[in-house]
Amino acid sequence: MKKIFCVLVGLFCVFPVWTSAQDRPVFERLYAAVVGPSPVTLQATALAVGSRTLDSGQPNLIKTLRQYLGRELTYPGGLYISSPDSATWQNASWPNLTLRSLTMSMATGEPKLWLGADNGVLRPFNNPTGWQLVTDWQISSIMDLHRDPFDNQILFACTANGIFISSDGGVTWKNSNAGLNNLFVSCIFPDPKVQARLFAGTEGGLYQSTDGGRNWQQLALPGIPVRAIWREPESWPGIFWVGTEGHGLYESIDGGKNFVPVLIGEESVSIYALAGGGSNRPIYAGSYQRGIFYASSVGQNWQQMPGSERLGSVTCILPLPDRNLLLAGTYDRGVQLSRNGGQTWKAFGLVGAYVRQLVVGEPNWLRP
Amino acid sequence: MQSIWRKEARLQSLNIFLFFSSFIFVSGAFPQKDFEKALAERRQILIAHLVEKESTPSFTAVTARYAANERLAEANRMLSQLLQQPSGDPVYGFNLIATYLFGQHNMPDSLREKVRKVFSANAFLRGDSEDNQLRYYATLLLAAQTWPEMPAEQWFNGKSAAENWREAAAFVVAWMNNNVTYGQAQFDSPELLPAFVACLELLHEYVADEAPFGELEKKIVTTTKSKVAAPNLRTRISMMLDLLLIDFALEQIDGIYAGAHSYDTEPAVYSPRQSANAALFWLYFGMGEMKPTMEALVSAMSGYNVSDAVYALATNRDPLGGYAHRERKRVRNQLRNSYERTTAVYKYAYITRDYILGSVQGGLLSPLQQHTWDLTYLSPQDPRPALFVMHPFFDPRELGAFFVDEPALLFDELNKFKGRYNQGDKLVGGSPYEQIFQHRNTLIALYNIPEKVQFGHISGFFSKGLQDWNELDADGLSHDPEWLFCRAGNTFIAFRPLQEFRVNPMEGGWRYISESRQNGVILEVSTPEESKNFEEFKRRILEVSKVDFKAGDNSVKVKYTTAYGDRMEFVYDGNSSTIARLLNDLPFKYDNWPIFDNPYIKYDETKRLLQVRVKNKWRALDFTNWTVSERAGSFTEELGR
């Protein structure tokens, strides 16, 4: 009898723990870049409500937008950080910041977070708002932000008006567009294996720089809007993939010299996010309205992840293979989490938000 | 108004001297204006109205109370309330700094400190539109100047007061330079003009000519990009104000901003007396109705007065018939679908005392709220003296051209939008499938809308105030294309649909609808000075004018001979995207289109020199050296010499 009692007690004690472990991701902090309502949505809403401008800070903004957009929308734009082990998110940046990208560098020996926002580049700072805007009026609409994998002092920001580079840890910024025929640059990708080699995805194709971004040459896909660039982490000379708007996915197996289209869904599918690979792990592609596609680490046998259509448009993907987790940021369905390689998905907060980037981070990243 | 030229006789004698003195510019040649007294009275009327009637807490109510030195306790309470929930919106920031600057002498120390802390703890955002960015940087500049000792650690954006001042000044200088070199992007907006004017007037009132941050900063203000020195900031701002108000004065009729606009709203697009610019017209020119807005209050509180020349342009239009007016503006940066980022906007207007017919060349030039052409006529009793046709366009191309997010995502979102923007019955917005050809009092609009485009019809507005319709049958049934005639006061209107059309009643007027994707209209307008009377005008249109319209094979073509014999040929070929305009068999080109040009005003681009002449009164704005000069010239002297 005692044994039975102990087993039952044990079960009652263990079961909740087991349950919560099932719900609990195994990361300390998740950082999310949330875009927030587009200016065109605000303008159209202002037009609808009969005002000249819609005050992005007004208390009932989200309610007003929800009314006109007809969808669940809870979070304005900004940097959101999840509480440890839960799907509760807190805004950690300026309110209503349109944020598309974030990166971390060790510029001063300490981890330092950088935000790429519509207002420019921001970093944690010892002032009442907690952030310093390090760029000026000439830099806006940051689409993507990266640090140089070989030099922590170097940051790359791409914008709707060209590429800007800081070589002194974000203190000064210079535009660096020599050779670019199209200044709308959606994404920038420093090659993690080759120093000073960068790829830039523009509205008019894929560009490459081999001198740290000083000069650019058109590499492939002229006239095609590029949205995402990724490299298989362990391959040499390198397998690369490029996601496009309306022209599907392209692949290079010769280190980025030649790109060919890859059969993935429909020919005209738009690919907004690429991630994964390494150690025989899958490569993932987030698409417009089609959820997630995946293939082997070397890009063989692309197929749609069953059931991922319900994620809608996937705008970023964060695979955490060591923890058996796959996270997806979506256009209008917040963060989604899968514990079984994408077979099933569960909402993981930021309901209705346009999540553009997800990063596992540390609390001290916010330290000025 | 007549008193402007009260000292005309004295000036005429002065003219002779000046004319023979090799056009020596004499500052202050114009007399002091009596209308300044009237302006001061209107300022008081506006402030008194806001003190008495505006009881809901707002920056307008607070500023008026401080300005009137009345109900100060109430003003303090209201301001405390407004400071409890600060917003990052540039409008909030601008209104706050304006209230502070105008009212600080009446604020208790505790409130002043609370305002300062807003600029410390509240993150202000810049926005993506020209008006919001000017608001943001005007606010930042004046706040930095107000609290020059605040270190970076106390500013919301982590920049020192000196850094903020320098950046804001650089933006303002660059914005002004762009406007006088390429033309304004958010141009001629009846809704946004008061915002631009208010920003500049607040700056004009309070900006220091040189940065108040030590010797190094005092020397020059530099822009990061060009390193161009920009001293005399206040003078520059004053000149920019002159430019905006000259622009407005030239193209308004009865206080209504006529012709094409970068940004308009519904219902103001067909009820233009409701537009925000009416506030400015009432304040500065004493006509129309008072609008108690914050922008109007800032204008009223500022010490800036319109110059004689601007006043004369607005109120003393030449009685000698009509004249053509040309302007060049700038397309809002097209991020996608175009390699050229500063595509020009070619504005054209035919201006008379009785009407203005104005247009831009067509195409998609501004996001969402473009107004491509209209006829605005003098009809004081008509609340909606506007006539126009447009193509209601909505697709990812517009979204992708002007906004950075993925066009497909934006399109999905706005396709489900429960507002007017995505609706086929909207009346504001540009279209890439609309092209305009205007010659003086005649305008041809052609539409060549591909099958794949969502809305294939064109839509327009006629006011109920229009008189003497003889063929209009607003029964909602389809009618064959034929001339429609109507009149508004002294404005005679002939409107020719080029395809079948129908007319439905709508608020305050009739909605014109024509379903054909290859479509167009012709509008010819006249006055008794040109056509004796309405019957004679109709006769000439029916007997003299000729219309030859061809549509098919993705091409639209019209040949039109006007009632006075000018031949206009207009081809809009969708296959080759060719648009050809021939006037009397010669190509009508937009090459060398001036920033400003009409009988009253010339702009020399090489010198960046704007000259305004009304009768013998001259005003020259030199945007290269940033100086202003006035003189009295000869009556026979022509502009541009």
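Where a number appears in this text, it was derived from the coordinates with a stated rule and is not lab data. None of these values were measured; they are calculated from a predicted model. So basically every Cβ, Gly included, is an ideal-geometry build from the backbone, and we count neighbours across all protein chains shown.
Rounded, prolate or oblate: which fits the protein assembly as shown, taking a ≥ b ≥ c as square roots of the Cα gyration tensor eigenvalues, rounded meaning a/c under 1.5, else prolate when a/b beats b/c?
Prolate, since a/c reaches 1.5 and a/b exceeds b/c.
Let me check against my output: what whole-number percent is the relative contact order of chain A, with C-alpha pairs under 8 Å and at least 6 apart?
Over chain A, the number comes to 12 percent.
Could you work out how far apart the two model spin labels at B:N584 and A:R281 are, taking each label as a point 7 Å from the Cα in the direction of the beta carbon, and quote it in nm?
For B:N584 paired with A:R281, the spin-label model returns 7.6 nm.
Roughly how many nanometres apart are two label points built 7 Å out from the Cα toward the Cβ at B:A324 and B:T624?
With each label placed 7 Å out from Cα toward Cβ, I get 2.7 nm.
Mind checking A:129-136 for the average number of partner chain beta-carbons within 10 Å of each residue's beta-carbon?
Rounded to a whole number, the mean comes out at 6.
With θ set to phi - 60°, apply the Karplus curve 6.51 cos²θ - 1.76 cosθ + 1.60 along the stretch B:490-500 and write out the HN-Hα couplings as whole Hz, x wherever there is a Gly or Pro.
With coefficients 6.51, -1.76 and 1.60, one gets 8, 9, 9, 10, 10, 10, 10, x, 9, 9, 3 Hz.
For the Cα atoms of chain B, what angle does the longest principal axis make with the long axis of helix B:8-19, in degrees from 0 to 90, nearest 10?
90 degrees
Within 10 Å of each Cβ in peptide A:244-257, how many partner chain Cβ atoms are there on average? Round it to a whole number, please.
1
Can you return the aspartates and glutamates within cross-link range of B:K452? Criterion is Cα-Cα under 13 Å, with same-chain partners fewer than 8 residues away left out.
The qualifying aspartates and glutamates are B:D395.
Could you pull out every residue, at least 5 positions away or on a different chain, whose amide H is within less than 5 Å of the one on A:S313? Hs are placed 1.01 Å off N in the peptide plane, and Pro or chain starts have none.
The answer is A:Q289, A:Y331, A:D332.
Extension gain B:S577-B:S120, at 0.36 nm per residue separation less the Cα-Cα distance, in nm?
159.2 nm
Label the stretch B:33-315 by shape, choosing from rounded, prolate and oblate, from the square roots a ≥ b ≥ c of the eigenvalues of the Cα gyration tensor; if a/c is under 1.5 it is rounded, and otherwise prolate applies when a/b is larger than b/c, oblate when it is not.
Verdict is oblate for the stretch B:33-315.
Could you name the aspartates and glutamates whose alpha carbon sits less than 19 Å from that of B:K114, not counting residues in the same chain fewer than 8 places away?
Within the straight-line cut-off, B:K114 pairs with B:E74, B:D89, B:E149, B:E153.
Between A:D144 and residues 5 or more places away or on another chain, which pairs have amide H atoms under 5 Å apart, with H built 1.01 Å from N, and which residues are they?
A:C158
Post the alpha-carbon centroid distance, the stretch A:207-281 to the stretch A:103-167, in whole angstrom.
One Cα centre to the other: 24 Å.
Among the aspartates and glutamates, which have Cα under 14 Å from the Cα of B:K546 when same-chain residues fewer than 8 positions away are ignored?
Once the sequence-local aspartates and glutamates are set aside, what remains near B:K546 is B:E482, B:E524, B:D566, B:E569.
What is the list of residues in the stretch B:42-79 whose amide nitrogen lies under 16 Å from a point 7 angstrom out from the Cα of B:D109, following Cα to Cβ?
none
Run the paramagnetic zone check for B:A48: 7 angstrom along Cα to Cβ, then residues of the stretch B:288-325 with backbone nitrogen under 20 Å.
Hits in the stretch B:288-325 for B:A48 at 20 Å: B:288-294, B:296-302.
Let me confirm one metric for peptide A:153-166, namely the mean number of other chain beta-carbon atoms within 10 Å of its residues' beta-carbons.
What the average comes to for A:153-166 is 1.
Calculated from DSSP H runs of 4 or more alone, at -39500 (n - 2.57) each and per residue, what is the 222 nm mean residue ellipticity of the protein assembly as shown, nearest 500?
Theoretical 222 nm ellipticity from helices: -8000 deg cm²/dmol.
Can you compute the FRET efficiency between A:Q195 and A:T74 using 1/(1 + (r/R0)^6), with r the Cβ-Cβ distance and R0 = 35 Å? Round to the nearest 0.05.
Taking R0 as 35 Å, the efficiency between A:Q195 and A:T74 is 0.25.
Over chain B, what is the relative contact order in whole percent, taking alpha-carbon pairs under 8 Å and six or more residues apart?
Computed value for chain B: 11 percent relative contact order.
Quick one: if the Förster radius is 56 Å, what FRET efficiency do A:Q300 and B:V547 give, using the C-beta to C-beta distance and rounding to 0.05?
It comes to 0.30.
Ranking request for peptides A:65-71, B:594-600: highest mean number of other beta-carbon atoms within 10 Å first, then the rest in descending order.
Output ranking for A:65-71, B:594-600: B:594-600, A:65-71.
With θ set to phi - 60° and the Karplus curve 6.51 cos²θ - 1.76 cosθ + 1.60, what are the ³J(HN,Hα) couplings of the stretch B:194-208 in order, to the nearest whole Hz, using x for Gly and Pro?
x, 5, 4, 5, 4, 4, 5, 5, 5, 4, 4, 6, 10, 5, 7
Step through the table entries B:K347/B:K426; A:K174/B:K117; B:K329/B:K418; B:K291/B:K464; A:K63/B:K426; A:K112/B:K117, compare each Cα-Cα distance with 29 Å, and write down the pairs that go over it.
A:K174/B:K117; B:K329/B:K418
Taking θ = phi - 60°, what integer Hz values does the Karplus form 6.51 cos²θ - 1.76 cosθ + 1.60 yield along the stretch B:263-274, in sequence order, with x for Gly and Pro?
8, 9, 9, 9, x, 4, 4, 10, 10, x, 5, 7
May I ask you to derive the relative contact order of the stretch B:33-315, considering only C-alpha pairs under 8 Å and at least 6 residues apart, and to give it as an integer percent?
Here the relative contact order equals 19 percent.
Taking R0 as 51 Å, what's the FRET efficiency between B:E289 and A:S86 from their Cβ-Cβ distance, rounded to 0.05?
For R0 = 51 Å, the calculated efficiency reads 0.35.
A:T74's amide H: which non-local residues (gap 5+, or another chain) put their own amide H closer than 5 Å, with H modeled 1.01 Å from N in plane and none for Pro or chain starts?
Those lying under 5 Å, H to H, from A:T74 are A:A353.
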